[in-house]
Each structure stands twice: as structure tokens, then as C-alpha cells.
Amino acid sequence: MAFSEKTLNVKTIFEGKIINVHVDGVELSDGKKSFREVVEHSGGVCVAPLTDDDELLMVRQFRYPFYRELLEVPAGKLEKGEDPLAAGIRELEEECGVVADKIVSLGEIYPTVAYCSEIIYMFAAKGLNKTHQHLDEGEFLGIEKIKFNEALAMVMDGKIRDAKTVTAILKIARLKQDGVL
């Protein structure tokens, strides 16, 4: 049996710089009516840069919704219509001040499927070459080098909680195990 929902109406609640919010009237698979609250987001990209010494370059930054600093792989928002790979290359240089000889796709994730349209495209980067960091205005972050196995242990211990970072590290661990990375 295939499941679907038919959109009956859309009521815009908020239009912002990063997100839009709307409430949609829907008809469910059984014909009953309900509503869906939706956060529209243009998507994002993350890049897990691995050094020749098997270290992961990570960024530590304050994340306002959680009122704390989080340790993450470099990431950023996609501009409308922007190619995810190009955005990943841009974010890697902006946040870490490096470019990579090799970038491998780790696929994409839907981090919050119940109410948000965001898709995050994930990459791993190798063969890092130093350039210079150039953060966006109002962006503050510190770069940390963490041995990959230590970062993996931090994921498993719950010390790294950011969804894109957790997923990227676990995928890289599997690719390393399989000899792909």
C-alpha cells in the first residue's frame, strides 16, 4: 500500500532570511483531514576534512538554540540553486582555510523529517592544502584537529551530538573499514 498526503491549502506564517514556515491543510491516505507545520530550508552542506595524519579538522562554535558550543565538521547553508559540491568546497576554505585534492560524497541526510525540508549533502575531503580562513561576518569559530578514532569514540560516547557530524563520522568509519577512504 502506498501512502500519500494531498495538500489542500497553504498558510504562510513566517518568511525569514534562513527559513520560511507554513501550515498546510492536508488530506491523509484514509481521506481524513489534518494539518502539517512545515519549516522550509534551502539545505546545507558539510565536509569532513581528513589530514594525512588521520586527523579530522573540526570547528567549535556557539549554537544559540542549545546555548552552548558544539563540535562539528565544517558546514554551511546552500544558496538557492547552488551546487552542493561547490558549496562544500567554499565552506571548507571559508571555515578551515584549506582546499582538498580529493572530495568524496558521503550522500545526503534529511535531519528533521517530521517538519523540515532541509537536506544536508555530506562530503569527506583528503589531500588538504592550506590557504586562508575567511569567515562570514558575524561567524565565530575555532578549528580543532582531532584524531579520527578519537572523534569516532566521541560520537559513540555522545560527546559529539550534531546529526550531520555524527553521520559523516560514522560513514567515514565504514568507508575506512572497507578500504575506500
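The values are calculated or read from the model by the stated rules, or taken from the named source; none is laboratory data. What you see is a predicted model, and the numbers here were worked out from it, not measured in a lab. Methodologically, a virtual Cβ is constructed for each residue, glycine included, from the backbone with ideal geometry; neighbour enumeration extends over all protein chains shown.
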Checking VAL38, VAL10 in turn, the sole residue that is of a type outside the set (Ser, Thr, Tyr), over 20 Å from ASP136 (Cβ atoms) and without any contact (Cβ under 8 Å) to a residue 24 or more places away in the chain turns out to be VAL10
Quiz item: Does the stretch 132-139 contain at least one residue that is modelled with pLDDT of 95 or more, of a type in the set (Asp, Glu) and either over 30 Å from PHE35 (Cβ atoms) or touching a Lys or Arg at 6+ places or on another chain (Cβ under 6 Å) (or both)?
Solution: no
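Here's the yes/no breakdown for (1) modelled with pLDDT under 95; (2) touching a Lys or Arg at 6+ places or on another chain (Cβ under 8 Å); (3) charged (D, E, K, R); (4) not assigned by TED's automatic domain parsing to the domain that holds ILE19:
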site: LYS32; (1), (2), (3), (4): no, no, yes, no
site: GLU37; (1), (2), (3), (4): no, no, yes, no
site: ASP54; (1), (2), (3), (4): no, yes, yes, yes
site: LYS80; (1), (2), (3), (4): yes, no, yes, yes
site: GLY88; (1), (2), (3), (4): no, no, no, yes
site: GLU93; (1), (2), (3), (4): no, no, yes, yes
Kindly check whether there is at least one residue in the stretch 142-150 that is assigned by TED's automatic domain parsing to the domain that holds VAL98, surrounded by 13 or more Cβ atoms within 10 Å (Cβ to Cβ) and touching a Cys at 6+ places or on another chain (Cβ under 8 Å).
yes
Apart from one, (1) of a type in the set (D, E, K, R); (2) free of Cβ contacts under 8 Å to residues at least 40 places away in the same chain; (3) in a strand (DSSP E or B) all hold for ARG90; the odd one out is (3)
*asked:* Quick check on the stretch 169-178. Is at least one of its residues of a type outside the set (Phe, Trp, Tyr), out of contact with any Leu (no Cβ under 6 Å at 6 or more places or on another chain), over 25 Å from GLU94 (Cα atoms) and not in a helix (DSSP H, G or I)?
replied: yes
Restricted to the stretch 108-122 and to residues being touching a helix residue (DSSP H, G or I) at 6+ places or on another chain (Cβ under 7 Å) and either of a type in the set (S, T, N, Q) or part of a strand (DSSP E or B) (or both), the residue farthest from HIS41 (Cα to Cα) is MET122
_Taking the conditions exactly as written (in the same structural domain as MET58 (by TED's automatic domain parsing), over 19 Å from ARG63 (Cα atoms) and part of a strand (DSSP E or B)), does ALA125 satisfy them or not?_
yes
Counted residues in the stretch 59-76 being assigned to a strand (DSSP E or B) and either charged (D, E, K, R) or closer than 18 Å to TYR121 by Cβ (or both) come to 8
**Asked** Can we say ASP24 is without any contact (Cβ under 8 Å) to a residue 40 or more places away in the chain, out of contact with any Ser or Thr (no Cβ under 7 Å at 6 or more places or on another chain), over 28 Å from MET154 (Cα atoms) and surrounded by fewer than 19 Cβ atoms within 10 Å (Cβ to Cβ)?
**Response** no
Subset of the stretch 70-88, residues more than 13 Å from the chain's Cα centre (by Cα) and either closer than 17 Å to ILE119 by Cα or buried (at least 19 other Cβ atoms within 10 Å of the Cβ) (or both), comes to GLU79, LYS80, GLY81, GLU82, ASP83, ALA86
VAL38 fails exactly one of (1) part of a strand (DSSP E or B); (2) exposed (fewer than 12 other Cβ atoms within 10 Å of the Cβ), namely (2)
